[in-house]
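Input: a single structure, listed below in structure tokens.
The values are calculated or read from the model by the stated rules, or taken from the named source; none is laboratory data. These figures come from a predicted structure and were not determined experimentally. No Cβ is skipped: glycine too gets one built from the backbone with ideal geometry, and neighbour counts run over all protein chains shown.
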Amino acid sequence: MPYSEDRAAWPEGQGLWPHIPEGKWNDWTWQLQHRIASVAQLEGLMTLTPEEKAGCEQANHKLALAITPHFFNLIDRDDPDCPIRKQVVPRINEMVVSEGEMLDSLGEDEHSPVPGLVHRYPDRVLFLVTDRCAAYCRYCTRSRLVSNAQDYNFHPEYEQGLRYIEEHPEVRDVLLSGGDPLLLSDRKLEHLIARLRAIPHVEFIRIGSRIPVFLPQRITPELCDIFRRHGPVWMSIHVNHPRECTAELKAACERLSFAGVPLGNQSVLLRGINDDVDVMKALMHRLLRMRVRPYYLYQMDLITGGAHFKADVKKGIEIIRALRGHTTGYAVPQFVIDAPGGGGKVPLNPDYVEEVRDDGVFLRNYEGRLFRYPLVPSATDGAIPAAAPEWTPAWVDR
């Protein structure tokens, strides 16, 4: 049945932890210290399916288990198909490697001139500054690295990375990622941002983070002051389902926005979680209400053990077609595949161009209606072009 929601409601509260003083609950360090990180803790809070229990027992060989209390409250503990639960509770499927899957599906290691820095595009670099996250998404692109469950032994080399950026004037754009950069202390994060801001050719500083979703308590006034002093710092958050849009996340996004941080969102298309037009439309509308512009919708990367999350690419195109024209353009993200092996992001769009001819471009709009847009006459031809011949399409409106 179609997804529906109370559009006026924003999930909030301490849920299973009403006994915790509000001051502690809103302390991000308390949230980190009390993450659910073992089978025993999970089983004390919910009944696991056999697949989940087996997955939890193997998690430390693939990607550690960790869920913040804030995010755990969003799980439907009675529904194994809960879209929040499936994102963070391990399943044994993660240990199955399917055809085409790779540890380093985006070829980051081969584009890494110094440890922790990826230079794939001409004018921008990815700066991996930590291997830790507040909670671990089971479809993580960097599961080889994040949490060190696979003995990747990643150790950020801040000075080497900063020197590389200083020595390469073509780099105008730096994206801080990891792991999650917002897990760094205020002091360390400010040091990195200030050093980058002092490099004359660095024009654009970005942060990729799921912390506002997993741990909105981290978005403190002190952190916002850092962004205000060294801005503009752009941020891409990562929300996959409208249920993740809590009152606490909304307030965190407002604090960031008021500190001058432009916000975008990156979602991953996930089977059984958000590969649905109604779910995605609800998510996009909630993002805009939180001052967040939908940016990318990713086809899931070919990570090892991710086949059970992989949605049909055609479903992603269908979702974009159902959004375009049926809601504001601000609510339509760019659907992309990050090409396996390091090819970079390739956009996928519904095919709106039916034919390009000498007498015009023939376009089909969001309603399926056909239109002709005349081509610009050649600059070498001073004659007034004759009227285009009458043209009858050989197809009918879809």
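What the table below lists for this structure:
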| quantity | calculated |
| --- | --- |
| Of all residues in the range 18-59 being polar (S, T, N, Q) and in a helix (DSSP H, G or I), the one that is modelled with the lowest pLDDT | Q58 |
| Test: residue in the range 181-200 that is closer than 23 Å to K250 by Cα, surrounded by fewer than 18 Cβ atoms within 10 Å (Cβ to Cβ), in contact with a Lys or Arg (Cβ under 8 Å, 6 or more places away or on another chain) and not β-branched (V, I, T) | no |
| Residue in the range 305-357 that is modelled with the highest pLDDT, counting only those that are part of a loop (DSSP other than H, G, I, E, B) and of a type in the set (D, E) | D312 |
| Failed item, numbered, when P333 is tested on (1) buried (at least 18 other Cβ atoms within 10 Å of the Cβ); (2) over 30 Å from I226 (Cα atoms); (3) within 18 Å of the chain's Cα centre (by Cα) | (2) |
| Some residue of the range 8-17 being in a helix (DSSP H, G or I), surrounded by 14 or more Cβ atoms within 10 Å (Cβ to Cβ) and out of contact with any Asp or Glu (no Cβ under 8 Å at 6 or more places or on another chain) | no |
| Residue ID - surrounded by the most Cβ atoms within 10 Å (Cβ to Cβ), chosen from residues in the range 61-114 that are of a type outside the set (A, V, I, L, M), in contact (Cβ under 8 Å) with a residue 24 or more places away in the chain and touching a strand residue (DSSP E or B) at 6+ places or on another chain (Cβ under 7 Å) | F72 |
| Helices (runs of 4 or more DSSP H) wholly inside the range 60-178 that include at least 2 residues being over 18 Å from F309 (Cα atoms) and of a type outside the set (K, R) | 69-72, 158-166 |
| Lone unmet requirement of (1) assigned by TED's automatic domain parsing to the domain that holds P169; (2) within 18 Å of H61 (Cα to Cα) for M102 | (1) |
| Every pair of residues 6+ apart whose Cβ atoms lie under 6 Å, when the first sits in the range 26-48 and is farther than 18 Å from A59 by Cα while the second is in a loop (DSSP other than H, G, I, E, B) and at pLDDT 95 or above | W28/L215; Q31/T68; Q31/L215 |
| Which listed residue, of V125, V118, is aliphatic (A, V, I, L, M), under 20 Å from L192 (Cβ atoms) and without any contact (Cβ under 8 Å) to a residue 12 or more places away in the chain | V118 |
| Residues within the range 291-304 that are of a type in the set (D, E, K, R), under 19 Å from W234 (Cα atoms) and not in a strand (DSSP E or B), tallied | 1 |
| Index of the failed condition, A134 passing every other in (1) under 16 Å from the mean Cα position of the chain (by Cα); (2) of a type outside the set (D, E); (3) more than 30 Å from I75 (Cα to Cα) | (3) |
| Those helices (runs of 4 or more DSSP H) lying entirely in the range 188-290 with at least 2 residues closer than 30 Å to G325 by Cα, among the β-branched types (V, I, T) and assigned by TED's automatic domain parsing to the domain that holds T328 | 277-289 |
| Selection count, the range 185-241, where residues are within 27 Å of P169 (Cα to Cα) and of a type in the set (A, V, I, L, M) | 13 |
| Residue list for the range 67-87, restricted to those being among the aliphatic types (A, V, I, L, M) and in contact with a Cys (Cβ under 7 Å, 6 or more places away or on another chain) | I75 |
| Subset of the range 287-308 [buried (at least 18 other Cβ atoms within 10 Å of the Cβ), over 15 Å from the mean Cα position of the chain (by Cα) and not hydroxyl-bearing (S, T, Y)] | M290, L302, I303, G305, G306, A307, H308 |
| So A252, is it more than 19 Å from the chain's Cα centre (by Cα) and under 30 Å from K86 (Cβ atoms) | no |
| Matching residues in the range 1-19 - criterion: being among the hydrophobic types (A, V, I, L, M, F, W, C) and either touching a residue at least 24 places away in the same chain (Cβ under 8 Å) or assigned by TED's automatic domain parsing to the domain that holds A282 (or both) | W10, L16, W17 |
